[in-house]
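*Asks:* Sharing a structure here in structure tokens format.
A short reminder: the numbers here are calculations on the coordinates, not readings from a lab. These figures come from a predicted structure and were not determined experimentally. Using ideal geometry, Cβ is built from the backbone for each residue, glycine included, and neighbour counts are taken over all protein chains shown.
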Amino acid sequence: MPGLKTFLAAGLGFTFLIGTLSIGAPSSAWAAAAPGSWSNIAPSPVPRSEVQTAVIDGKIYVVGGNTFEMENGEYTVVNDSGINEVYDPATNSWTTLSPVPRGANHTAIAALNGKVYIAGGFTERRHGNTVDWFYAYDPVQDAWQALPSLSTPRGSSAMVALDGKIHIISGRIVDADGPVSTHEVFDPATNVWSTAAPIPTARDHVGIEVVEGNIHVYGGRTSSGNSNVDLHDIYDPESDSWVSAPPMPTARSNGGFAQYRDMLFFIGGECNDGSFDDSEAYDTASGVWRSFAPLPIGRHANAAAVTGDKLYVFGGTSSCGSNGPMVENVVFTLP
């Protein structure tokens, strides 16, 4: 298959921040305060932020985003990375796959029927030059397929698969225009987009998950990283309508999100004089938000994924904006 190159954990040799942090075991100070523990896994082959993840057959695909180059002792951002890598928890190793045909950051991602779908994004920093691209990746063929474009270019959207279709919700056109409440649905059987009820409050950089046939959208922001919201909305596809749900304890945006043990996690986020280290989750059984052990170091523009009863967090930056790129990745577990 084209584009394959494997990186083993022992052979990477990256230091970055991981060389000065003891993240192999949680500190007693925060481990005692909240349940769960973090440990490190193989670092990314290159530092990336504004990435997205999807899980297929127990492997985690980390796609797109910004990457960074060292210049005069400092990192500079490469805006339109088309990097496509997969992390295998069974071997704790990375493999580089065929890149996205046209790279972007702040894309939306979802997995459906053994394929990875990505949509939209930006090709410039600070949410500039929005695109309407929509692609599907087949891991078996290691190949990408172009699909019908979004109705309007946008990035920082949220995407999820439900009942054989793909929903893409919210996002923004460019910074100056602010977020949108758009909600579209793609049917792979017909290759056609349709519209659905817009989210009540336009925002971007949200978390999104499916619970018992409904779509939960939580967190996000209405403008910059200082406009974070704690909103939590639930979409019912049967009635094509939204209802409000218990808000997040800490208003945040642009963090990693995933569903782990029937709880909707939001991890990290931007920006609290530096990235958030908070790990909070909505317990779908009790309808209550809970706090868990914080990240070993705060990060945002990160991605999260769950497989094998573990929650993984990849990439991001430790400071506001694109400052402090990270290659270290971590995994969260509960007893």
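*Asks:* Determine, for VAL313, VAL77, VAL174, the number of other Cβ atoms within 10 Å of each Cβ, and report the residues in order from fewest to most.
*Replies:* Final ranking by Cβ density, sparse to dense: VAL174, VAL77, VAL313.
*Asks:* Before rounding to the nearest 500, sum -39500 (n - 2.57) across all DSSP H runs of length at least 4 in the chain and divide by the residue total; then give [θ] at 222 nm in deg cm²/dmol.
*Replies:* It comes out at 0 deg cm²/dmol, rounded to the nearest 500.
*Asks:* Follow-up. What is the calculated FRET efficiency for ALA90 to GLN145, with r their C-beta to C-beta distance and R₀ = 30 Å, to the nearest 0.05?
*Replies:* 0.60
*Asks:* GLU124 versus ALA189, label points 7 Å from Cα toward the beta carbon: distance in nm?
*Replies:* 4.2
*Asks:* Is the shape of the range 86-184 best called rounded, prolate or oblate, per the rule: a/c under 1.5 gives rounded, else a/b larger than b/c gives prolate, else oblate, with a ≥ b ≥ c the square roots of the Cα gyration tensor eigenvalues?
*Replies:* prolate
*Asks:* How high is the relative contact order of the range 5-333? Use alpha-carbon pairs under 8 Å, at least six apart in sequence, and give a whole percent.
*Replies:* Relative contact order comes out at 16 percent.
*Asks:* With a cut-off of 8 Å between alpha carbons and a minimum separation of six or more residues, what is the relative contact order of the range 186-335 in percent?
*Replies:* On the way: 369 pairs, mean separation 22.1, N = 150.
After rounding, I find 15 percent.
*Asks:* Between the range 137-197 and the range 39-68, what is the separation of their alpha carbon centroids in Å?
*Replies:* 20
*Asks:* Now a separate question. Restricting to lysines 8 or more places apart or on different chains, can you count the pairs in the chain with Cα atoms under 20 Å from each other?
*Replies:* 4
*Asks:* A further question follows. Scan the chain and hand back the longest stretch that contains none of the trypsin sites (Lys or Arg not before Pro) lying in DSSP loops with at most 16 other Cβ atoms within 10 Å.
*Replies:* 127-260
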